[in-house]
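My questions all concern the structure below.
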Amino acid sequence: MEKKAFSELAKKIEAKEFVFTGELEPHRSIDLTEVKEWATTLKEIGKIIAANVTDNPRSDSAISSLVAAYLIQRDTGLECVYQLRVTDRNRLALVSDILGAGALGLKNILALAGDHTRVGTTPKAKPVFDLDSANLIDLIHRMVYEGKDLDGNEIHGPRPEINVGTAGGIMAEPLEMEVFKLKRKAKVGADFIQTQAVFDVNLAVRYLKAVKEVGIPTLIGIFPPRSYAQAEFFGKFVPGVIVPKEFMDDFKKMSEITDKAVRKEKIKEYNVNYFVDFIKEVRKEGAAGCHIMAVGYPDPIAPIIEGVIGK
Amino acid sequence: MIITKEKPIEEIYGFLEPFGSVLVVGCDSCTQPPRGLREAETYASLMEMAARVKGKEIKCEAITVVRQCCSEGVKEWIKPDGHEVILSMACGIGVQVLNEVFPEIPAFPAQNTVFVGWEEKREGIMYENCRACGDCLLGETGGICPRTRCAKGMMNGPCGGCIDGKCEIPVQLRNWRGEVVEEIKQDCGWYLIFNRLKAMKRLDLFEKYREPTDYSIWTNPRRI
Ligand code: SF4
Ligand code: SF4
């Protein structure tokens, strides 16, 4: 399987540097000011190599992630991971968008199945699912390395230079099933895995141990919550995410601090301590990096990264 | 009415090769052209011949049933004891029913189901489970159809929406006027496939990467 590192992210992973990626969530709007501000914040932290730009997350319609990723990368200098779902596009449209991404200088795609259209803002839409996520990885790999689409049609001129990631299901049950799935994706050329958010370090370690044999570098997703309500939201409403009881209890206690500034500081400190230990542990287990998913809550990010890899 | 088309002999023989004793089950119901006893017998001798050509031996017994799309009936009509494998002459539904009713004996499709016509009969709940895709995969997926039992029709599932073996999309039970009567949590089709292939000791089939579905066959209106 031919493989090259085109993006900064892939190059750092290849060089065995422990990497950090962030998350950007553009909305149903043509105004990207806020998202770009967050991208700039991430960029200024210094150690965040790239950030994912979500594509109709939870099947809520939003501005094209291709356009958003391009504009953010151009205007902030932060490398983007263009998220691309097969929910909304058939293989023809996917080829167009991958070529578009190549032409716009985007170097990473996260290939996703995506939530079903019925769960989002537009439940009456026709779900496409012409390909699945593994087929999308296959398509991208063939375009990049063979200069052809799935039907063998040739790309004229230079090929897109793109590394492709896939989502990892920390909570997949049984994990054996997840391992087989990832083996297929390795076979068609996945360069890296980014997992969903995980709070329990034991689960992250269990996952890393299980997927080790697949050999795809894995970034573990974390989400430092800014409040008890946010932690609770994860525990209660995000399918497949388990927030450990002690974590919730600690957040509950902190939420009872009446002085706002003190409370904020305490929560930040707690996040830093908790996630520094967490990341050190997953790093020991061979994780390639961490995908920090918290959007708009910069306070703990720099100290967490510093705590792990120093200034 | 359901139209089916024979799979290539090589493909069918490939399913049966590891086994010694085959029960070939015809279906006297709506399949067109007919796939009843006579056709089951033809396939039984074809398979024995295919084995002989390869210097092997398999024994085939041919029977037929009124219809394979009814779990209750199949349980009563078919006694597969003594056979290691079933070859179904029926549509994609029949194959799945056999796999569910006799989980210890794998059932494989002899047909590609290409077309499901209009039927007016109205009885109880109907499970779709086969969309007559014309390129039947059941032989590779443990007799469980990913094209219909996976909400996203994934070829390489499950997706991340499979939590505790259930699909992120509940199935909508509709009445005959098309109104949603109830939303029911359903099993993830790929989770079922994984467990079935595991029980069959065929996880190699689960690991296999599958090319996307050929949707050119689905262009409507179709004619046969
Ligand atoms: S793969 Fe599924 S839809 Fe296609 S013929 Fe078989 S059972 Fe029917
Ligand atoms: S949860 Fe399972 S059945 Fe549902 S869409 Fe995902 S793979 Fe398909």
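The values are calculated or read from the model by the stated rules, or taken from the named source; none is laboratory data. Values in this document were obtained by computation on a predicted structure and should not be read as measured data. For neighbour counting, all protein chains shown are included, and Cβ atoms are generated from backbone atoms with ideal geometry for every residue, glycine included. Just the protein is used for accessible areas: all its heavy atoms, side chains included, with ligands, DNA and RNA removed. Shrake-Rupley method; radii C 1.70, N 1.55, O 1.52, S 1.80 Å.
Is it the case that residue B:170 is within 14 Å of ligand 1 (Cβ to nearest atom) and out of contact with any Cys (no Cβ under 6 Å at 6 or more places or on another chain)?
no
I would also like to ask the following. Scan segment A:176-183 and give yes if some residue there is buried (at least 19 other Cβ atoms within 10 Å of the Cβ), outside any loop (DSSP other than H, G, I, E, B), away from chain B (no Cβ under 12 Å) and not small (Gly, Ala, Ser), otherwise no.
Checked against the condition, which is being buried (at least 19 other Cβ atoms within 10 Å of the Cβ), outside any loop (DSSP other than H, G, I, E, B), away from chain B (no Cβ under 12 Å) and not small (Gly, Ala, Ser), segment A:176-183 yields no hits at all.
Given the conditions (1) open to solvent by 20 Å² or more (accessible area, probe 1.4 Å); (2) closer than 30 Å to residue A:58 by Cβ, and given that residue B:84 satisfies all but one, which numbered condition is not satisfied?
(2)
Still on this structure: Give segment B:49-68 a look and list any residue that's farther than 18 Å from residue B:1 by Cα and open to solvent by 50 Å² or more (accessible area, probe 1.4 Å), or say none.
Scanning segment B:49-68 gives B:49, B:52, B:53, B:54, B:55, B:56, B:57, B:59, B:61.
For segment B:137-153: of the residues being more than 15 Å from residue B:197 (Cβ to Cβ) and open to solvent by less than 20 Å² (accessible area, probe 1.4 Å), which is farthest from ligand 2 (Cβ to nearest atom)?
If we filter segment B:137-153 for residues that are more than 15 Å from residue B:197 (Cβ to Cβ), which is where we start, we get B:147-148, B:151-153.
Checking which are open to solvent by less than 20 Å² (accessible area, probe 1.4 Å) leaves us with B:152-153.
Numbers: B:152: 4, B:153: 8 Å.
Filtering segment B:137-153 for residues that are more than 15 Å from residue B:197 (Cβ to Cβ) and open to solvent by less than 20 Å² (accessible area, probe 1.4 Å), the one farthest from ligand 2 (Cβ to nearest atom) comes out as B:153.
Sort out which residues of segment A:186-203 are open to solvent by less than 10 Å² (accessible area, probe 1.4 Å) and assigned to a helix (DSSP H, G or I), and write them in order of number.
none
Please specify each residue of segment B:102-131 satisfying the condition of being open to solvent by less than 30 Å² (accessible area, probe 1.4 Å) and modelled with pLDDT of 90 or more.
Hits for segment B:102-131 are B:102, B:105, B:106, B:107, B:108, B:109, B:110, B:111, B:112, B:113, B:130.
Then there is this: All but one of (1) of a type in the set (D, E, K, R); (2) open to solvent by 60 Å² or more (accessible area, probe 1.4 Å); (3) touching a residue at least 40 places away in the same chain (Cβ under 8 Å) hold for residue B:35; which doesn't?
(2)
Residues are listed down the side, and each one gets a yes or a no for (1) outside any loop (DSSP other than H, G, I, E, B); (2) over 16 Å from the mean Cα position of the chain (by Cα); (3) of a type in the set (A, V, I, L, M); (4) within 14 Å of chain A (Cβ to nearest Cβ):
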| residue | (1), (2), (3), (4) |
| --- | --- |
| B:60 | yes, yes, no, no |
| B:63 | yes, yes, yes, no |
| B:100 | yes, no, no, no |
| B:112 | yes, no, no, no |
| B:142 | no, no, no, yes |
| B:156 | no, yes, no, yes |
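Listed residues A:79, A:37; which is open to solvent by 40 Å² or more (accessible area, probe 1.4 Å) and not small (Gly, Ala, Ser)?
A:37
Based on what the data block shows, is residue B:128 more than 16 Å from ligand 2 (Cβ to nearest atom) and more than 10 Å from the chain's Cα centre (by Cα)?
no
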